[in-house]
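A.B. asks: One structure coming up, written as structure tokens, with questions to follow.
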Amino acid sequence: MRADPFDSRVPSQLVRSRTPGRPALQVEGVDKRFGRKEVLRGIDLSVWPGEVVGLVGENGCGKTTLLRICAGLAAPDRGTVRISGRLGYCPQQPGLFDRLTADEHLAYFGAGRGLARAEAVAEGRRILGSFGFPARERSVAGQLSGGTRQKLNLALALLGRPTVLLLDEPYQGFDHGVYVNFWDHVDSWRSAGQAILVVTHMLAEQDRVDRVVDLSMARGDGAG
């Protein structure tokens, strides 16, 4: 793996924790083109258990594409992605079914994580409650506000306590209070040992992550 000139703020205790184990998420030499347009080239990136990495960069530099590749929703032209444990992915646009309620989403997505219906609904309601999702909300997803839909979108990614969290601007539509609360949750997920890769444009919040990777600068040189 190449040294990473784009990462910053690596705590000494985090560096020590890397010695005996391996990354929860490891990207090596990933290239991706769409027609003649090169989106990613030679990207190396590692995220360790108990680490939050902020992924930044100009529009069109491939942040969403990289997360989709890591989530297995797109194939790289070259390179590999390795994930240790269970994956949770929160896309920028909620992948919801307009005619299903929140509970029905929790049961459906929970089944994919191997959770029984009652377990998935109970865990999902707890997560949603921590985001201020209305406890008695029984509307179908198509009738929810944008911010409320995004809370459900994020809760689905968190079902089953994933080892690796891929978050693509997951706070879209949140009001200020819930946005601040989101970063408090990030701190707790880090403390629980989850590896978190989060796309963010909020420069003021980059002190809430352990490292920052600028993908627009990393193109061609890696970010591992």
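A.B. asks: Kindly indicate whether Gly57 is on the phi > 0 side of the Ramachandran plot, surrounded by 14 or more Cβ atoms within 10 Å (Cβ to Cβ) and either of a type outside the set (A, V, I, L, M, F, W, C) or not assigned by TED's automatic domain parsing to the domain that holds Met217 (or both).
C.D. replies: Values: on the phi > 0 side of the Ramachandran plot: yes; surrounded by 14 or more Cβ atoms within 10 Å (Cβ to Cβ): yes; either of a type outside the set (A, V, I, L, M, F, W, C) or not assigned by TED's automatic domain parsing to the domain that holds Met217 (or both): yes.
Yes: the conditions hold for Gly57.
A.B. asks: I want to confirm something. Restricting to segment 65-105 and keeping residues that are in contact with a helix residue (DSSP H, G or I) (Cβ under 8 Å, 6 or more places away or on another chain) and more than 29 Å from Gly142 (Cβ to Cβ), which single residue is surrounded by the fewest Cβ atoms within 10 Å (Cβ to Cβ)?
C.D. replies: Step by step, filter segment 65-105, then rank; the result is Ala75.
A.B. asks: Taking the condition of being free of Cβ contacts under 8 Å to residues at least 12 places away in the same chain, farther than 15 Å from His185 by Cβ and assigned to a helix (DSSP H, G or I), how many residues in segment 108-142 meet it? Before the answer, list the steps.
C.D. replies: Taking segment 108-142 as the starting set, the residues that turn out to be free of Cβ contacts under 8 Å to residues at least 12 places away in the same chain are 108, 111-112, 116-119, 122, 126, 129, 135-136.
Okay, now just the ones that are also farther than 15 Å from His185 by Cβ, so 108, 111-112, 116-119, 122, 135-136.
Those still in the list that are assigned to a helix (DSSP H, G or I) too: 108, 111-112, 117-119, 122.
So the answer is 7.
A.B. asks: Return only the number of the condition from (1) surrounded by 13 or more Cβ atoms within 10 Å (Cβ to Cβ); (2) in the same structural domain as Asn59 (by TED's automatic domain parsing) that Asn153 does not satisfy.
C.D. replies: Only one criterion is unmet by Asn153, namely (2).
A.B. asks: Restricting attention to segment 170-220, which residues are surrounded by fewer than 19 Cβ atoms within 10 Å (Cβ to Cβ), modelled with pLDDT under 90, in a loop (DSSP other than H, G, I, E, B) and not aliphatic (A, V, I, L, M)?
C.D. replies: Those that are surrounded by fewer than 19 Cβ atoms within 10 Å (Cβ to Cβ), modelled with pLDDT under 90, in a loop (DSSP other than H, G, I, E, B) and not aliphatic (A, V, I, L, M): Gln172, Gly173, Asp175, His201, Arg219, Gly220.
A.B. asks: Which number in (1) modelled with pLDDT of 95 or more; (2) touching a Phe, Trp or Tyr at 6+ places or on another chain (Cβ under 7 Å) marks the one condition that Arg18 misses?
C.D. replies: It fails just one condition, (1).
A.B. asks: Check off (1) buried (at least 17 other Cβ atoms within 10 Å of the Cβ); (2) over 19 Å from Leu67 (Cβ atoms); (3) hydroxyl-bearing (Ser, Thr, Tyr) for Ser145 and give me the number that stays unchecked.
C.D. replies: (1)
A.B. asks: Among the listed residues Gly62, Gly112, which satisfies the condition of being modelled with pLDDT under 95, of a type outside the set (Val, Ile, Thr) and surrounded by fewer than 16 Cβ atoms within 10 Å (Cβ to Cβ)?
C.D. replies: Of Gly62, Gly112, the one residue that is modelled with pLDDT under 95, of a type outside the set (Val, Ile, Thr) and surrounded by fewer than 16 Cβ atoms within 10 Å (Cβ to Cβ) is Gly112.
The values are calculated or read from the model by the stated rules, or taken from the named source; none is laboratory data. As the structure is a computational prediction, the values presented were derived from the model and not from experiment. Every residue, glycine among them, receives a Cβ derived from its backbone with ideal geometry; neighbour counts consider all protein chains shown.
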